[in-house]
1. Please specify each residue of the range B:109-163 satisfying the condition of being of a type in the set (Val, Ile, Thr) and more than 17 Å from the chain's Cα centre (by Cα).
2. Counting only residues that are among the small types (Gly, Ala, Ser) and open to solvent by less than 20 Å² (accessible area, probe 1.4 Å), which one in the range A:166-219 is farthest from A:Thr139 (Cα to Cα)?
3. Return only the number of the condition from (1) more than 14 Å from chain B (Cβ to nearest Cβ); (2) crowded, with 24+ Cβ neighbours inside 10 Å that A:Phe68 does not satisfy.
4. Taking the range A:90-109, which residues are over 14 Å from the mean Cα position of the chain (by Cα) and of a type in the set (S, T, N, Q)?
5. Considering only residues of the range A:8-24 that are open to solvent by less than 70 Å² (accessible area, probe 1.4 Å) and assigned to a helix (DSSP H, G or I), which is farthest from A:Ala181 (Cα to Cα)?
6. Is it the case, given these coordinates, that B:Gly38 is among the small types (Gly, Ala, Ser), away from every other protein chain (no Cβ under 13 Å) and in a loop (DSSP other than H, G, I, E, B)?
7. Pick from the range B:46-64 the residues that are in a loop (DSSP other than H, G, I, E, B) and open to solvent by 40 Å² or more (accessible area, probe 1.4 Å): which of them is modelled with the lowest pLDDT?
8. Please list, ordered by first then second residue, the pairs with beta carbon atoms under 7 Å, 6 or more apart or interchain, first in the range A:16-42 and free of Cβ contacts under 8 Å to residues at least 40 places away in the same chain, second in a loop (DSSP other than H, G, I, E, B).
Amino acid sequence: MIALLKRDLKLAFRVGGGALTGVLFFLAVVTIVPFGIGPDLNLLAKIGPAILWIAALLASLLGLDRLFQQDREDGTLDLIIMQPHSMTATVFIKCLAHWLASGLPLILATPIFGLFMNMEPLAIAAVMATLLVGTPAITFIGAVGAAVTVSLPRGGLLLAVLILPLVIPVLIFGVTAAYGAVEDPAPFTAPFLILCALTLFFSVLGPITAGWVLRNSTD
Amino acid sequence: MKLTINNLSGERNGQMIFSNISFTLAKGEALIITGTNGSGKSTLLRVIAGLLPAASGTVSLEDSGEFTPPEMMHYLGHLNALKPAMSIEENLIFWQQFCGNSLLDPDAALEAVALPGIGHLPAAYLSAGQKRRISIAKLLVSFKPVWIVDEPTGALDKASEQMFARLVNEHLNNGGIAIAATHKPLDIGEGVALKTKSMNMDEMPVEDTLTYGDLL
């Protein structure tokens, strides 16, 4: 299993791996927003957490379609299914590798992008914390979508459409918690804990479902 | 160790491809499956390897302990399962660690497929035949008693075909079992007294209850 984690991380950072395309997309979205909204610093600071969350959400959708597709195309998936490892654990490890390679860089880039949005340090820290606990849920939900669309040649858009409704709760609680940290009457702890719960819940349900789907996807 | 295939039927898209195939293979025995394109060789192998659900029938392996039959099998399909972005050695080490039961170390396996000293190259640089040989080396880095090989010598030259036949021989002599689908003659038994069974998929009656395997 550690071998699989190491292999997926290696592949993500090599030619064609696409680990950093998410960060570039994140950068693109966050830099063009001020041009579209206008140089109103107060407004930017106010909508900053929401923009960062939406950009991170879309960026983490990029690349999710390749989670199992590459392995299927070169025959690796067949052999992975045959091994004496539980498919749930295998999918969990693949999700973990995907998140480490494409989710974590987004969070590390957040402080810089937060400055673009004229956000105060506390707001940036809150967005980072919520992204840290929230983005794994997106990967785990996405794994199910990736498993379902694994045999479709252009499944990327379909995947996004399939899983967007499911990741909306993650977005809502993530943004609510981020605002809760900076705006006084709004609570931070409650939405933050719900966000943690969502991630824990999908870290179990996602791999089980995706593993089952993959086992039945061979032809 | 004994592989028993009992009344196995396979279908694709609701269409019966083969039905009621039965045979048994003991330690050191190989089955060569021949047949025209589309006669169902690959489907049969994929059903045996557990990659396709069987329409009916069972695949069982004696003395496999806690493992299911597919977990005791090496499957060499049409695809090589190599990552072009990783070096050959990294590819082999990954499969060795992921499959468990280490047998040869990657360098020795590369030597066995007559490609010594190229472990550091990215898999993307290899020719089709070389990739196939690395794929065969994958069978050697970890031990699994049953080899399921589908058109193993497709892209190989004459010398490599013989090299592969020798490797299968060695595997059988060590108490392994092999099932190979091919339409080229694979001289597994050349010069060695090996128990090789053969089966022609074209002669397999579809939708028929006759058991062919016991004739083998």
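1. First, the residues of the range B:109-163 that are of a type in the set (Val, Ile, Thr): B:113, B:118, B:134, B:136, B:141, B:146, B:148-149, B:153.
Hit for the range B:109-163 is B:Ile118, nothing else.
2. Going residue by residue through the range A:166-219, those that are among the small types (Gly, Ala, Ser) are A:174, A:177-178, A:180-181, A:186, A:190, A:197, A:203, A:206, A:210-211, A:217.
Subset that is open to solvent by less than 20 Å² (accessible area, probe 1.4 Å): A:174, A:177-178, A:180, A:206, A:210-211.
Numbers: A:Gly174: 15, A:Ala177: 20, A:Ala178: 20, A:Gly180: 24, A:Gly206: 9, A:Ala210: 11, A:Gly211: 14 Å.
The extreme case among them is A:Gly180.
3. The failed condition is (1).
4. Passing the criteria: only A:Thr90.
5. That would be A:Leu11.
6. On the way: among the small types (Gly, Ala, Ser): yes; away from every other protein chain (no Cβ under 13 Å): yes; in a loop (DSSP other than H, G, I, E, B): yes.
Judged against the criteria, B:Gly38 is a match.
7. The initial filter retains those residues of the range B:46-64 that are in a loop (DSSP other than H, G, I, E, B), namely B:49-55, B:62-64.
Now narrow it down to the ones that are open to solvent by 40 Å² or more (accessible area, probe 1.4 Å): B:50, B:53-55, B:62-63.
On the way: B:Gly50: 92, B:Pro53: 90, B:Ala54: 91, B:Ala55: 90, B:Glu62: 88, B:Asp63: 83.
The selected residue is B:Asp63.
8. A:Gly16/B:Ala85; A:Phe25/A:Leu62
The values are calculated or read from the model by the stated rules, or taken from the named source; none is laboratory data. Everything numeric in this text was worked out from a predicted model, so none of it was measured. When we count neighbours, we look across all protein chains shown, and the Cβ atoms used for this are built from the backbone with ideal geometry, even at glycine. Side chains are part of the model used for accessible areas, which takes the heavy atoms of the whole protein and leaves out ligands, DNA and RNA. Shrake-Rupley method; radii C 1.70, N 1.55, O 1.52, S 1.80 Å.
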